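Written out below as structure tokens is the structure these notes cover.
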Amino acid sequence: MKGLPVLSLLLWMCAVFFVGIYLFVGGFLLVRLEVNRTSTCGDVLEPGEEPVDFCRAQPRFRKVVLLIIDALKIDFARYDPDKTAPRPYENKLPVLEETVSSRPLQSRLYPFRADPPTTTMQRIKGFTTGSLPTFVDVGNNFASSAILEDNLIHQFGQAGKRVVFMGDDTWESLFPKKFYRSLPFPSFNVKDLHTVDNGILQHLYNTMVGDDWDVLVAHFLGVDHCGHRFGPDHPAMADKLTQMDGVIRSVIDRLQNDTLLVVMGDHGMTDTGDHGGESQKETDAAIFLYSPSPMFHGPPSQNEPDVVPQTDLVPTLALLLGVPIPYSNVGQVLLPLFPPHEQTEGAVGGLSQLEALWINTKQVNRFLETYSGMAKDIPPESLSRLKSEFALLSSEFLSTVREGRSPSPQLASSLQAYLTSVRDTCRATWARFNPLKMAAGLAILAFACLMCFILSELSLVLIRENGPLLKAPVVVSLTVGVSVAAAQLLIRGYIEVMWCLAAAAFSSELLFLWPPKRVSWLTLHHLLVPSLLFPLLRCASLLSDSYVIAEGRVVTFLVLSLALCIPIHLNWDGLLLPPSHDPLKSAGLLPAPALSPSAVRKESSTLLACLGILVGSLYLSLSFHGCREEQGSCQPSSFLSPLSRLQDNQLKNLHYVLAVISLGLWTYLLRCFLCHYGNLNSSGGTVFTARWILPLLSVCLGLHWAVSATPEDSFRNLAELIHLAQLALPRVAFCLLGLGLFLIWLDPLTVFVKTRTQASAKSLTLPTPRYRASIGISPQAELHHLIPQIYQRMRRSLDDGDLSGANEVDNRPAVEAYGLGTVYSAPLLLFSGLLGIGLLLLHPEGMALSFLLLLLETGALLHIHASSTTLSGLHGKYSGGFNVPWTPVVLWSLAATQFFHATGHLPTFPSIQWGAAFVGFPEGHTGTILPASLVTLNTFASHILFAVSCPLLLFWPLVCEVRGSRGRACGDDGEDAVMEMRLRENPQLFSSALLQLSTRYLLIHGAQVFASVCAAAILRRHLMVWKVFAPKLMFEASGFLVSSVFLLIGVTLVLRVDVAVGQWFKRLIPDVSR
């Protein structure tokens, strides 16, 4: 088999796709340009005065305590005394409502709206810089980088204020060496509810009573982690919120008159405890403001804001504490905290509402002028309008100050409207695109799809060409890439790697497509294959936000529809039922059918039975779907919740029993296949994995589920043992998984060899073997899975002229090889099954049933494909090719997407199951690579399993050949079917079929990526682009990358098995090799 050309071509195709994706994403998801300038005390001046040091003016407050309760949504902060049976998260913070009611001049409670993405790092950036985030910033939540823009922490430090921090260690990475004193605690372990909060409480009160601080920041994480682990509707949330209520009361009791208290959440959470998106439940947090001295000019009124944007905290805190507003701020001051202009007489320090608005407006206009001069991306008409508005407002305000008259009531409203307009303009502008990179990425992806199609259709021709096919494009691409890099270095003085890769990929594509004969045969007829209409429909649906939102059900419908087309098409061609009796065939005047009527009936029954299993699996898989915010009344599956979240013990026990049964059936079905085809009789590494590692891994997983579901407050005497088991069991499972996969790779053969004498070997009628090769299978069944007289078959294939084997030396042994008929599929199936259990370890326990449905669906698809191939052979004898039609490949790829949704995943960031990062690592991680890898494996588990097992589509019709399809058609000499050994009779056909299958699978996924890219490009100004289309693009591109890698792993494993089979034949027949 020509393994190197196959692998090289696939690597090249994947690389071209990767470059196209990288180029488009680089032009589509650009980070906003940061203005690295800082405000100073001399450039933000009080109106109407000579230039003075702004920071020397007496501020309204001397100190501020900033209590950040992570994920404090507004629903947690509200109090409703009429609720007699509140839910666990309701009415647990009564201190807020009590204080607002009893001290209306000293306190307020507002909804505090965050800008998406609602992840902690982006929110900290937002309420310290006053700037708006960009979509791509969400990726930085794993690895926070230092904030370079001007921010409150920097301004406090420049003004000489001592900032003391304690809590979430994200602050340390965002503001390195900016704190007077810092007490960070690890933040990413979402299962740890208490370490950060208890660490803060050990130091908070002692710090407050001291005098070595001016700004105290305490970031509590328990509420957020409780939401991630249990969800908001859980008793643990009630305990955590009650603890926070006590903290707030204690802090209020220790405040001094010149100190401001701000209690706030950085974001909210969904009903499942997640966040990251832009639903109102995720964006609406709470902010509570309090001071022992009056700071509001009256009780709450209708003029006060209904919602406070998070960016508004930045200018408000800056002016209340007497420091300059950060340079890049686009928020506006919270007016109720400043006295009206006519009430400033006799006020103790501070600014009036109009003065605060003017300083804020002046700062925002300065930022707008600086940014527009640097970035050039704000629309000129919007910029001109904003400049003229500011000129009018500035003239009116300064004339009012100079003349000493009272300002008009409309002036404050006009200043607020200007600030709002600037923020809206910036928000619309900062969806920045690079059209050139996007167009180049689209072109490379389009040509990559065309190349993939040509490779799949001309695989046999290209395999025969061998060398020149790949060498020329690679050499040219390297030459062009280096030339572009050299040109950039000479002209610009630096190298932009993205354009070098683009030039290399594009040149290799053009060189491949240049011979006109390669594309001249391509007509509309080749593209309009009926089964290709289904992926085309799916690709077209990606242009609709409604279809993307309902994608899980859409793909399920497409899989079901295409599967139903198979028996309908067979019946249309008259192949589903046995042919009617024809006297001419009985008389021998016409050729007899390839299969007997009983064989046809058996194949048809198998196909229809598997179709029923497929329909049942598809229907049941809908029970495991998650819910998007846009789906309204949708309720997510209860199986998505870990057992530790379930409060009903009966439901918890039911879920655990179903999970264990599903896991046991997964293991049993894998072993049944291997046992049935005689693959459990040898002593190699793969058989050892199947016999011992597979069941041990299943046991570890079942025990891990039991331990993880144990409540923390139960079995207190065994707490340390339970904690040790939570740590050890998944790590042991990881080790067993790694060992099993390594042994399969190292020794993939599952063949058991038995010799017998020539006398029995020459018999055409096989006797019952004296050795039971297949456990639990009758001797008659063993004969069907025995590759008989393999020695004679090998001799005939050596072209030595002795086709009959009659001249063999007396008593030279013939060979019986058990398991040789499934020599390729057995290790691949075991590899995929073992990997599936490892991926199940990263999912909630309830997903075990979904994984079992995945196994049943893949088995049904494989048998439907095998039966339809057998029935299609009724038109004539077997042609000798191994090509896999488009229909099963399309079904396989659609099933990967379908089970992405059936394992609880969605193409949205809030649906990411972050808990996978802590399986086996409950204490957290020191780096980001391992947790990111675990979350990726969890998210794209279905893509991984279907990609790595894709070659089974090539092998399965041969595995099922024992039922009489190709063996009868080709075996006129009476030989039994040889199953997968037929692949070695024509290595070129084998190589071309494997290449064709792989490129077809890549093409379908690549076309889906191309459709997502087109949707994002065309709809880049669509209302739903950042909520629907951009996340879909990111998930589709990531899924393609993961699928490509694991498809290459699956193909490489097949090539490894082929090498091992060749070595086995060498040992079998010394001095001769095929």
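The values are calculated or read from the model by the stated rules, or taken from the named source; none is laboratory data. The structure displayed is predicted, hence computed values, not measured ones. Reconstructed Cβ throughout: ideal geometry from the backbone, glycine too, with neighbour counts over all protein chains shown. Protein only, heavy atoms only, side chains kept; ligands, DNA and RNA dropped before computing areas. Shrake-Rupley method; radii C 1.70, N 1.55, O 1.52, S 1.80 Å.
Overview of results
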{"quantity": "Rounded, prolate or oblate (a/c below 1.5 giving rounded, otherwise prolate when a/b exceeds b/c) for segment 1018-1071 by Cα gyration tensor", "calculated": "prolate"}
{"quantity": "Cα-derived Rg to Rh of segment 669-713, Kirkwood definition", "calculated": "1.23"}
{"quantity": "For Leu260, distant residues with modelled amide H under 5 Å away", "calculated": "Lys63, Val64, Val65"}
{"quantity": "Ellipsoid semi-axes in whole angstrom, largest first, where each is sqrt(5λ) of the Cα gyration tensor of segment 385-425", "calculated": "21, 11, 5"}
{"quantity": "Estimated vicinal HN-Hα couplings, Hz - segment 367-372 in sequence order (Karplus 6.51, -1.76, 1.60; Gly, Pro = x)", "calculated": "4, 4, 5, 5, 5, 5"}
{"quantity": "Heavy-atom accessible area per residue - segment 634-703, 1.4 Å, Å²", "calculated": "46 Å²"}
{"quantity": "Order by protection proxy (mean Cβ within 10 Å, highest first), peptides 664-676, 648-660", "calculated": "664-676, 648-660"}
{"quantity": "Kirkwood hydrodynamic radius over Cα pairs of segment 365-477, then Stokes diffusion coefficient at 20 °C and 1.002 mPa s, in µm²/s", "calculated": "109 µm²/s"}
{"quantity": "Accessible surface of segment 655-717, 1.4 Å probe, proportion on carbon and sulfur as whole %", "calculated": "69 percent"}
{"quantity": "All lysines inside 25 Å of Lys437 as judged from Cα atoms, apart from same-chain residues fewer than 8 positions distant", "calculated": "Lys376, Lys1027, Lys1032"}
{"quantity": "Ranked order, His625, His925 - accessible area, probe 1.4 Å, largest first", "calculated": "His925, His625"}
{"quantity": "Ordering of 484-497, 685-698, 887-900, 291-304 by burial proxy (mean other Cβ atoms within 10 Å per residue, highest first)", "calculated": "887-900, 685-698, 291-304, 484-497"}
{"quantity": "Ranked order, Leu398, Leu853 - accessible area, probe 1.4 Å, largest first", "calculated": "Leu398, Leu853"}
{"quantity": "Reciprocal mean inverse distance between Cα atoms of segment 616-710 - Kirkwood radius, Å", "calculated": "16.0 Å"}
{"quantity": "Sequence-distant residues sharing a close amide H with Gly167 (under 5 Å, placed H)", "calculated": "Leu183, Phe185, His219"}
{"quantity": "Under 21 Å from Lys161, Cα to Cα: lysines that are on another chain or at least 8 residues apart", "calculated": "Lys63, Lys125, Lys177, Lys178"}
{"quantity": "Accessible surface of segment 360-449 [probe 1.4 Å, protein heavy atoms]: carbon and sulfur percent", "calculated": "58 percent"}
{"quantity": "Whole-Hz couplings from phi, Karplus 6.51/-1.76/1.60, listed for segment 636-647; x for Gly and Pro", "calculated": "x, 4, 5, 6, 6, 7, x, 4, 5, 7, 6, 9"}
{"quantity": "Percent carbon-and-sulfur accessible area, segment 828-962, ignoring ligands, DNA and RNA, probe 1.4 Å", "calculated": "66 percent"}
{"quantity": "Accessible area of segment 279-319 divided out per residue, in Å², using a probe of 1.4 angstrom", "calculated": "35 Å²"}
{"quantity": "Proportion of all alpha-carbon pairs of segment 405-464 beyond 18 Å (%)", "calculated": "68 percent"}
